[in-house]
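Quick notes on the structure that follows.
The values are calculated or read from the model by the stated rules, or taken from the named source; none is laboratory data. These numbers come from a predicted model, not from an experiment. All Cβ positions, glycine included, derive from the backbone under ideal geometry; neighbour counts span all protein chains shown. These accessible areas exclude ligands, DNA and RNA; they are computed on the full protein's heavy atoms, side chains included. Shrake-Rupley method; radii C 1.70, N 1.55, O 1.52, S 1.80 Å.
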Amino acid sequence: MKLLVTHIARIAGIETECRARLCGAQMGRLNCLDDAWLLADAGRIAAFGPMPVPAEIEADRTVDARGGMLFPSFCDSHTHLVYAGSREREFLDKIAGLSYEQIARRGGGILNSADLLHRTSEQQLYDEAMVRVREIAAKGTGCVEIKSGYGLTTEDELKMLRVIRRIRETAPLAVKATFLGAHAVGRAYVGRQEAYVDLVCREMVPAVAAEGLADFIDVFCDEGFFTVAQTARILEAGARYGLVPKIHANELAVSGGVQAGVAHGALSVDHLERSGAAEIEALCGTRTMPVLLPGAAFFLGMSYPPAREMIRAGLGVALASDYNPGSSPSGDMRMVVALASIRMRMTPAEAIHAATLNGAYAMGLSDDYGSITVGKVANFFLTEPMPSIEFLFYAYTTPLIRRVFLRGEEMVG
Ligand code: NIG
Ligand code: FE
């Protein structure tokens, strides 16, 4: 199937050098083409150029963009969007003044979601998650990473990961799966943290690997959750089965999680609200991508990670939604980009790269996704006519995303 899009006021996010990620000052330069057409063939970007469309270009279907802009789909490299029910009770607790840690200590938080998940069937979980998957697709996301971590028993972690596998098989988005058994200590192990770590390493990791259910392994390395030493054990257990590390680090305290991630060759270290010069230095010159989650900082009323300092130090930075019921009940990447600009002073160009190409890098997908590049998968969206690229993130609640294309096909409904 050949799809031709004509009369595009501006194509944003063109990448011709095939860079796997953008670092430092590279992030601030967004390549665009005005008054353009784009051709997709068999689900991949085949060509694009300035109007008029050359006579030799033929297509099975032509879409007139009518002066709207074309953006590469967002690549959301950190979500927990498979979960049961919701946690607005804690939302009220937070409004009343309790912190995330206080709610967790009272047995709420992640354990609350684990209880709900335990009582929910695989089919029901899949149905609930697919509502969110369709929602984020309509909001412009084309690649998504999804974590387990609300199971906290071998059986329930496998249940979550099987749901993620089914999403991967049925949704038009690219999906990566992360095993996060070390999200919290399961109820049956409260007070026996080391025994829980043993369970994760000796039983869960081999079981997950036996079914080929995960690409990555993640640990919540933070105060009140898992220590650096426990994190190292878990990542090493994962590495024996080829699971690439990712880390939740420095959300609640200066945890040493960034350094632990770097030492284990993590593809990304995520959150980093509590980080400074030492963490930035640890990341410089490594393959590890810092993934910032401003939606969580916003929802929990925390300070924001030091994006400007990271970019000034020459680091690449990615942005993700953290879509989850406890700290970020939204997968809206436009909102994430807007927050990154407003609260972390990332320019829209930097934030767009962080939410597309660098997000793809943080999932190991940047060869095929994250930019408008000939040969990459044709994942993009068209907007309403807009005065500028920045307008999409300035008018951040106006319904400006008009049509979504994944693998070169229009998403309807
Ligand atoms: O990334 N920080 C740890 N995990 C999630 C929150 C999970 C939850 O509260 O349900 C996060 O913010
Ligand atoms: Fe998270």
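I want to confirm something. Restricting to segment 175-192 and keeping residues that are hydrophobic (A, V, I, L, M, F, W, C) and touching a helix residue (DSSP H, G or I) at 6+ places or on another chain (Cβ under 8 Å), which single residue is surrounded by the fewest Cβ atoms within 10 Å (Cβ to Cβ)? Before you say what the answer is, go through the steps one by one.
Our first condition is that a residue be hydrophobic (A, V, I, L, M, F, W, C); within segment 175-192, this holds for 175, 177, 179-180, 182, 184-185, 188, 190.
Next, from what is left, pick out any that are touching a helix residue (DSSP H, G or I) at 6+ places or on another chain (Cβ under 8 Å): 175, 177, 179, 182, 184-185.
Values: VAL175: 21, ALA177: 24, PHE179: 33, ALA182: 29, ALA184: 23, VAL185: 23.
Here the residue is VAL175.
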**Study point:** Condition met for ALA55 (open to solvent by 10 Å² or more (accessible area, probe 1.4 Å), small (Gly, Ala, Ser) and free of Cβ contacts under 8 Å to residues at least 40 places away in the same chain)
**Key:** yes
Practice item. Evaluate segment 299-307: report whether one residue or more is assigned by TED's automatic domain parsing to the domain that holds LEU243 and open to solvent by less than 10 Å² (accessible area, probe 1.4 Å). Key: yes
Review point. Consider THR286 against the criteria (1) within 15 Å of ligand 2 (Cβ to nearest atom); (2) part of a loop (DSSP other than H, G, I, E, B); (3) surrounded by fewer than 24 Cβ atoms within 10 Å (Cβ to Cβ): it satisfies all of them except one. Which criterion is unmet?
Key: (1)
Exercise for review: Could you give me the residue pairs with C-beta distances under 7 Å whose first residue belongs to segment 264-277 and is of a type in the set (A, V, I, L, M) and at pLDDT 95 or above, whose second residue is open to solvent by less than 30 Å² (accessible area, probe 1.4 Å) and more than 16 Å from ligand 2 (Cβ to nearest atom) wherever it lies, and which are 6+ apart or on separate chains?
Suggested key: ALA266/THR288; LEU267/THR288; VAL269/THR288; LEU272/GLU279
Study note, to complete from the structure: Turns out the helices (runs of 4 or more DSSP H) fully within segment 294-352 with at least 1 residues that are of a type in the set (D, E, K, R) and at negative phi are 307-312, 333-344
Review point. Give me the pairs: first residue in segment 83-100 and assigned to a helix (DSSP H, G or I), second residue among the aromatic types (Phe, Trp, Tyr), beta-carbon distance under 9 Å, and six or more apart or on different chains, which are they?
Key: GLU90/TYR100; PHE91/PHE299; LYS94/TYR100; LYS94/PHE299
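Let's see how each residue does on (1) at pLDDT 95 or above; (2) surrounded by 20 or more Cβ atoms within 10 Å (Cβ to Cβ):
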site	(1), (2)
ILE8	yes, yes
MET27	yes, yes
ASP34	yes, no
ASP41	yes, no
MET51	yes, no
MET69	yes, yes
LEU81	yes, yes
TYR100	no, yes
ARG105	no, no
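Would you mention how many residues in segment 83-98 are away from ligand 2 (no atom under 16 Å from the Cβ) and either crowded, with 23+ Cβ neighbours inside 10 Å or closer than 25 Å to ASP156 by Cβ (or both)? Don't jump to the end; show me each part of the working.
Here is the first cut: in segment 83-98, the ones away from ligand 2 (no atom under 16 Å from the Cβ) are 84-86, 88-89, 91-98.
Narrowing further to those that are either crowded, with 23+ Cβ neighbours inside 10 Å or closer than 25 Å to ASP156 by Cβ (or both): 84-86, 88-89, 91, 93.
Qualifying residue count, segment 83-98: 7.
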